[in-house]
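One structure below.
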Amino acid sequence: MNHSEAAQLDAQYYMNTFGPRLPIMPVRGEGAVLYDDTGAAYVDLLAGIAVNALGYGHPALTKAVTQQAEDLLHCCNYFYTPQQARLAEALCKNSCADRVFFCNSGAEANEAAIKLARAYYYRKGEPRFGIISANNSFHGRTLATVTATAQKKYQEPFAPLPAGFSYVPYGDADALKEALWPSTAAVILEPIQGEGGVIEGGKSYLKAVRDICDQTGTLLIFDEVQCGMGRTGKLFAFENYGVEPDIFTLAKALGGGVPIGAVLCKEFCSAFVPGDHGTTFGGNPLACAAALAVLGEMTKEGFLDSVAEKGELLKDLMRDIKKKYPALVLDVRGRGLMIGVQLDEKLPVKEVQLALIKEGFIAGTAGGNVLRLVPPLVIEEAQLQAFAAALDKVIGERA
Ligand code: PLP
């Protein structure tokens, strides 16, 4: 089946949630390179939206998944499994968390985090249920997480939304202080906003938020679905700022392409009791085997340092382009291999994305006319250099 045959079937049978898709159809990959149905190669700086951290065909991940597929794909949570038990231990030992619950996606992880925060106060007998999130955030598409996602465009058709959510400007600790009510249970924030345009909260803001939460007994939830799992050059983005959350969520890169999400928390707020929460697929042997392989690679000596180094290189390369085209490239920001290049409105990011595909490169987009670069963490320096040359050409042709 070629691209247009797939597009025809999609137009007839698939719900129109994604609109017209990109003009190439990936069929296989190797390292940071995707190949389409015609055999053309593309260096991928999107990675399935920050998912394929180990790239394509990584031997450790492929081996773990194929071995697990041969042994046991799924058994439900009525049973203990070694893969789930080991992954829970490994994530807790490598983070500030004491407990974990596995699910299947980022939205589910955030949904669980919101439920956990409310369950914590319910069990304490305190009437605290409010959830505060930041404008421009993205936390998922379930009803609670789309409500936490403070962007009207994602919410409007789904009213009435669940009660108890309110919003503050991102990066403004004073506004958060004012927005807190005695009934506020938790604040949920992305340490680096992804969909919103790759915007870093920054150390002083996140530290101030931590202090405000401590002073008011409010739980602090970090959504690390996009910025976590090695992307910033640390295993978890919050490590960059010296600020620990009470609860945090993971998904995307955790399974390296196999769907898995997780909510992790400190012991004191591990409030779920049997029956409160559950899942059929979450934490099944296949997903946990994949995540163990991903975590195993990321915790190898030098892996995260190389992400940080490549991130610096990518940022420098993008800054050079900004210097060359100051009227079209307004900002370069982000951390590690999560970089945003904000373009002027007269150069629509979608146009740049499509032009880059013609040059053999796949890049992402984000809110605020931002080119979002979240490549596989195994991308090579030469591939980053080649991407920068292609972007230079694409912007140069439009300058
Ligand atoms: N949280 C953040 C920060 C995200 O970037 C996303 C997805 O882009 C989600 C949550 C939702 O994750 P999922 O699409 O796996 O439900």
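The values are calculated or read from the model by the stated rules, or taken from the named source; none is laboratory data. Because the structure is predicted, anything quoted here is derived from the model rather than measured. Methodologically, a virtual Cβ is constructed for each residue, glycine included, from the backbone with ideal geometry; neighbour enumeration extends over all protein chains shown. Just the protein is used for accessible areas: all its heavy atoms, side chains included, with ligands, DNA and RNA removed. Shrake-Rupley method; radii C 1.70, N 1.55, O 1.52, S 1.80 Å.
Cβ contacts < 9 Å: first residue without any contact (Cβ under 8 Å) to a residue 24 or more places away in the chain, restricted to the stretch 366-385; second residue open to solvent by 10 Å² or more (accessible area, probe 1.4 Å), any location; separation 6+ or different chain. Result?
Matching pairs, first to second residue: none at all.
If you scan the stretch 127-146, which residues turn out to be more than 9 Å from the ligand (Cβ to nearest atom), open to solvent by 40 Å² or more (accessible area, probe 1.4 Å) and out of contact with any Pro (no Cβ under 9 Å at 6 or more places or on another chain)?
Passing the criteria: only F129.
For residues that are among the hydroxyl-bearing types (S, T, Y) and part of a loop (DSSP other than H, G, I, E, B), scanning just the stretch 89-126, find the one that is nearest to the ligand (Cβ to nearest atom).
S105
Given G29, G48, which one is touching a strand residue (DSSP E or B) at 6+ places or on another chain (Cβ under 9 Å), small (G, A, S), open to solvent by less than 60 Å² (accessible area, probe 1.4 Å) and not in a loop (DSSP other than H, G, I, E, B)?
G29
Is it true that some residue in the stretch 156-179 is outside any helix (DSSP H, G or I), within 12 Å of the ligand (Cβ to nearest atom) and open to solvent by 10 Å² or more (accessible area, probe 1.4 Å)?
no
For the subset of the stretch 205-242 comprising residues that are part of a helix (DSSP H, G or I) and among the small types (G, A, S), which member is surrounded by the fewest Cβ atoms within 10 Å (Cβ to Cβ)?
Looking at residues that are part of a helix (DSSP H, G or I) and among the small types (G, A, S), I get A208.
In the stretch 180-209, what residues are closer than 30 Å to T365 by Cα and touching a Pro at 6+ places or on another chain (Cβ under 8 Å)?
Scanning the stretch 180-209 gives E200, G201, L206.
Given the structure, is A69 surrounded by fewer than 16 Cβ atoms within 10 Å (Cβ to Cβ) and either touching a residue at least 40 places away in the same chain (Cβ under 8 Å) or under 18 Å from F387 (Cα atoms) (or both)? Before you say what the answer is, go through the steps one by one.
Details: surrounded by fewer than 16 Cβ atoms within 10 Å (Cβ to Cβ): yes; either touching a residue at least 40 places away in the same chain (Cβ under 8 Å) or under 18 Å from F387 (Cα atoms) (or both): yes.
The answer is yes for A69.
Quick check, is R86 more than 15 Å from the ligand (Cβ to nearest atom), surrounded by 15 or more Cβ atoms within 10 Å (Cβ to Cβ) and in a loop (DSSP other than H, G, I, E, B)? It would help to see each step written out before you state the result.
Details: more than 15 Å from the ligand (Cβ to nearest atom): yes; surrounded by 15 or more Cβ atoms within 10 Å (Cβ to Cβ): yes; in a loop (DSSP other than H, G, I, E, B): no.
Judged against the criteria, R86 is not a match.
Pairs only if they're at least six apart or on different chains, beta carbon under 8 angstrom, first in the stretch 253-265 and within 10 Å of N110 (Cα to Cα), second at pLDDT below 95 and not in a strand (DSSP E or B); list them, first residue then second.
From the stretch 253-265, no pairs qualify.
Find all pairs meeting these conditions: Cβ atoms under 7 angstrom apart; at least six residues apart or on different chains; first residue within the stretch 271-286 and touching a residue at least 24 places away in the same chain (Cβ under 8 Å) and assigned to a helix (DSSP H, G or I); second residue open to solvent by 20 Å² or more (accessible area, probe 1.4 Å) and of a type outside the set (A, V, I, L, M).
Listed by first residue and then by second, the contacts come to P285/H74; P285/C75; P285/Q83; L286/H74.
So how many residues does the stretch 192-235 have that are without any contact (Cβ under 8 Å) to a residue 24 or more places away in the chain and either on the phi > 0 side of the Ramachandran plot or within 12 Å of the ligand (Cβ to nearest atom) (or both)?
Matching residues across the stretch 192-235 total 1.
Scan the stretch 10-26 residue by residue and report those that are without any contact (Cβ under 8 Å) to a residue 60 or more places away in the chain, of a type outside the set (D, E, K, R) and either open to solvent by 80 Å² or more (accessible area, probe 1.4 Å) or in contact with a His (Cβ under 7 Å, 6 or more places away or on another chain) (or both).
Listed by number, the residues that qualify are A11, Q12, Y13, Y14, M15, N16, T17, F18, P20, M25.
Any idea which of A389, A355, A366 is over 25 Å from E297 (Cα atoms) and in contact with a strand residue (DSSP E or B) (Cβ under 6 Å, 6 or more places away or on another chain)?
Result: A366 is the single residue among A389, A355, A366 that is over 25 Å from E297 (Cα atoms) and in contact with a strand residue (DSSP E or B) (Cβ under 6 Å, 6 or more places away or on another chain).
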